[in-house]
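Here's the structure we're looking at; comments come further down.
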Number of protein chains: 2
Amino acid sequence: MPKIALLPGDGIGPEVTYAAVDVLKAADQAFGLGLEFEAFPFGGNAIDAHGEPFPEVTQRGCLEADAILLGAIGGPKWDNVPRHLRAETGLLALRKAHGLFANLRPAKVLPGLEHLSPLKPEIARGVDVLVIRELTGGIYFGEPRGMSEAEGWNTERYSKPEVERIARVAFEAARKRRNQVCSVDKANVLEVGEFWRKTVDEVHRYYPDVALEHQYVDAMAMHLITRPSRFDVVVTGNIFGDILSDLASVLPGSLGLLPSASLGEKTPLFEPVHGSAPDIAGKGIANPTAAILSAAMLLTHALNRSDIAKRVENAVTAALSANPTPDLGGKASTQDFTRQVIEALDRVAA
Amino acid sequence: MPKIALLPGDGIGPEVTYAAVDVLKAADQAFGLGLEFEAFPFGGNAIDAHGEPFPEVTQRGCLEADAILLGAIGGPKWDNVPRHLRAETGLLALRKAHGLFANLRPAKVLPGLEHLSPLKPEIARGVDVLVIRELTGGIYFGEPRGMSEAEGWNTERYSKPEVERIARVAFEAARKRRNQVCSVDKANVLEVGEFWRKTVDEVHRYYPDVALEHQYVDAMAMHLITRPSRFDVVVTGNIFGDILSDLASVLPGSLGLLPSASLGEKTPLFEPVHGSAPDIAGKGIANPTAAILSAAMLLTHALNRSDIAKRVENAVTAALSANPTPDLGGKASTQDFTRQVIEALDRVAA
Ligand SMILES: [Mg+2]
Ligand SMILES: [Mg+2]
């Protein structure tokens, strides 16, 4: 019985999280997954109820779960609390507690929604790229680091186990997709890039069924705009991944469409890329697409059911073409939209 | 009498360089600049004639000149010579001899050519951004650096004088354009970014007439695709500049349109971004636009005549709309196209 820890969070977080839960329950009914759900306080609401963003009850619940589904956290109400009590601090602590070193950010241009992309439709068509960013190493954490009156310095550093484990995540993810990995570095100029490339090549020997190519980061930034549809899984370090995952995220044309997953040593975490949008919270108009697609990622990466995930994605695409939420020019409420997804899911499951 | 050292180079280099010279001579005739031109061997042709890519006669000629106009160098003929004799080694030596620490890469979507861009026409329209990349510091050169069996490491490091001088280049360039600078860093995570930002702010005090904003590199990658027309001058360090200048370079939709300038301690260098294209060399069909626009940058940055540069740009735009070279779907030969530019220049000069 897989246990899902729900962290609905703040703002529109609960609305979109429970929309995703409804879809998961429908999938459960159709495919017999035996899912168990339990919700925990996290973020601003946890500060209000427990005096801290990531209280002990939530810590325990997440460790005992097979997957964590998060909505969104924070809002103006908690912007002025001390840093160690901020909603974002809770997120950092959650990532750390579960050793979440891999951040997965798919950017997919859904069929029929090419017009939303900033790219020409003929370039946007068919884009379905998964950017995997190493999240706990590299220059954001490397020592030595510092600043004096005269200069500033930081160290980009990657160790063999760090590169090996993120490479494995990339090859495993590719096996659930189109069996292609593109590893991005700057091996022509940086020793750390040369080390990265060599290590990825070594791990690749265990995945002969997956095609591997290497690209330099500057060339990759260009490719993501000029021929994005030719890439499947893209894996890279923390800083390049920060840049490239954000760059890729503009391709679908709306932040409301983007799910994410964070994988690592303990319980994997799934959450929309968008924030808590306090301005539209409680109005019933939030777009639950990113949360539902995050639940689809949960099916793939926590429950190893990419077959069901694929059906959920297709159901979402159908609902988006039929009648999306107001942010995408439609008239569906959050509930209407979710109902459409579930109906489409029943159709494809039948 | 400003002296221009010509380094026509290899492949299509001479064809496009002399096209640009013809345009400069026409501008000279119209505006009385008193230009003097002298050509020197450089690159592959210098290896053939002198046994080295950057021979002494060229070194002297460049040091005595007020500006260097380079075509393109290299080709399969010289790919297998020892590294210290390679054409590219000549370019590195040239940059070093003149202390060229600032690389200027404009990306302009020319009116009427929006359809070439990978972006939707309504987003591409009006894009006119100049990315200024620090070229001799940062992580590509920082110590300590290295690789062991267990890890790889490089150091991103910037000193105060390094940041100050590139910031000055950016503010000066903005004064010749639309008076806006966007400085890009990762100050929210990296000390070197915090140092960069602080130093740029200090230099900004001497340029109160120029508007300054700061962006994080990941956000900037997104902005360059979603609202590129809102930026004027973008200045950043070596690695971020490598990524962002290449990203911006795809916006106009053709490499054949992109000029560049390298500024520093001694003679400034102007050259197209494209290579020597040996496959079409000598056929008279090379697109000289990038070389002519490089000559326009020479007018702005070496001779302080952005007024004439603007006219050259307008003449190029007119010629591109009327009848471009075959790479852009037109029928003009290199010479036809150059003649069109000169005629348009006479019209706007009259
Ligand atoms: Mg980011
Ligand atoms: Mg580059």
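Counting only residues that are more than 17 Å from the chain's Cα centre (by Cα) and at pLDDT 95 or above, how many does segment B:1-20 have?
Pass one, segment B:1-20, residues more than 17 Å from the chain's Cα centre (by Cα): B:1-3, B:10-12, B:14-15, B:18-19.
Checking which are at pLDDT 95 or above leaves us with B:2-3, B:10-12, B:14-15, B:18-19.
Total meeting the criteria: 9.
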Which residue, of A:Leu91, A:Leu63, is out of contact with any helix residue (DSSP H, G or I) (no Cβ under 9 Å at 6 or more places or on another chain), open to solvent by 10 Å² or more (accessible area, probe 1.4 Å) and closer than 25 Å to A:Ala295 by Cβ? A:Leu91
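To keep it simple, each residue is scored yes or no on (1) in the same structural domain as B:Ala221 (by TED's automatic domain parsing); (2) open to solvent by 50 Å² or more (accessible area, probe 1.4 Å); (3) more than 25 Å from B:Leu247 (Cα to Cα).
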site	(1), (2), (3)
B:Ala30	no, yes, yes
B:Asp79	no, yes, yes
B:Leu110	yes, no, no
B:Arg125	yes, yes, no
Count of segment B:85-112 residues which are within 17 Å of the chain's Cα centre (by Cα) and not β-branched (Val, Ile, Thr): 18
Only one of these conditions is not met by A:Leu255: (1) touching a strand residue (DSSP E or B) at 6+ places or on another chain (Cβ under 9 Å); (2) over 22 Å from A:Ser333 (Cβ atoms); (3) free of Cβ contacts under 8 Å to residues at least 40 places away in the same chain. Which number is it? (2)
Filtering segment B:147-181 down to residues that are at the interface with another protein chain (Cβ under 10 Å from one of its Cβ atoms) and open to solvent by less than 10 Å² (accessible area, probe 1.4 Å) yields B:Gly152, B:Asn154, B:Thr155, B:Tyr158, B:Val163
Selected residue (only one of B:Thr89, B:Thr136 is outside any helix (DSSP H, G or I), polar (S, T, N, Q) and in contact with a Phe, Trp or Tyr (Cβ under 9 Å, 6 or more places away or on another chain)): B:Thr136
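Rundown of residues vs (1) modelled with pLDDT under 95; (2) open to solvent by 10 Å² or more (accessible area, probe 1.4 Å); (3) under 30 Å from A:Pro118 (Cα atoms); (4) within 16 Å of ligand 1 (Cβ to nearest atom), yes/no style:
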site: B:Ser183; (1), (2), (3), (4): no, no, yes, no
site: B:Asn188; (1), (2), (3), (4): yes, yes, yes, yes
site: B:Lys198; (1), (2), (3), (4): no, yes, no, no
site: B:Val217; (1), (2), (3), (4): no, no, yes, yes
site: B:Arg227; (1), (2), (3), (4): no, yes, yes, no
site: B:Arg230; (1), (2), (3), (4): no, yes, yes, no
site: B:Val234; (1), (2), (3), (4): no, no, yes, no
site: B:Leu247; (1), (2), (3), (4): no, no, yes, yes
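Which is at pLDDT 95 or above, in the same structural domain as A:Leu251 (by TED's automatic domain parsing), charged (D, E, K, R) and under 21 Å from the mean Cα position of the chain (by Cα), of A:Glu156, A:Glu162, A:Glu143?
A:Glu162
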Does A:Asp336 count as open to solvent by 10 Å² or more (accessible area, probe 1.4 Å) and in contact (Cβ under 8 Å) with a residue 60 or more places away in the chain? no
Segment A:200-215, subset open to solvent by less than 40 Å² (accessible area, probe 1.4 Å) and assigned to a helix (DSSP H, G or I), residue nearest to the other protein chains (Cβ to nearest Cβ): A:Val200
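For segment B:216-320, which fully contained helices (runs of 4 or more DSSP H) count at least 2 residues that are outside the structural domain of B:His115 (by TED's automatic domain parsing)?
Numbers: elements: B:217-226, B:238-249, B:289-301.
The helices (runs of 4 or more DSSP H) meeting that bar are B:289-301.
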Answer residue from segment B:118-133, given it is in a helix (DSSP H, G or I) and not charged (D, E, K, R) and is nearest to the other protein chains (Cβ to nearest Cβ) among those: B:Ile123
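The values are calculated or read from the model by the stated rules, or taken from the named source; none is laboratory data. Everything numeric here is computed off the predicted structure, so don't read it as measured data. Here Cβ is always computed from backbone atoms with ideal geometry, including for glycine, and neighbour counts include all displayed protein chains. Side chains are part of the model used for accessible areas, which takes the heavy atoms of the whole protein and leaves out ligands, DNA and RNA. Shrake-Rupley method; radii C 1.70, N 1.55, O 1.52, S 1.80 Å.
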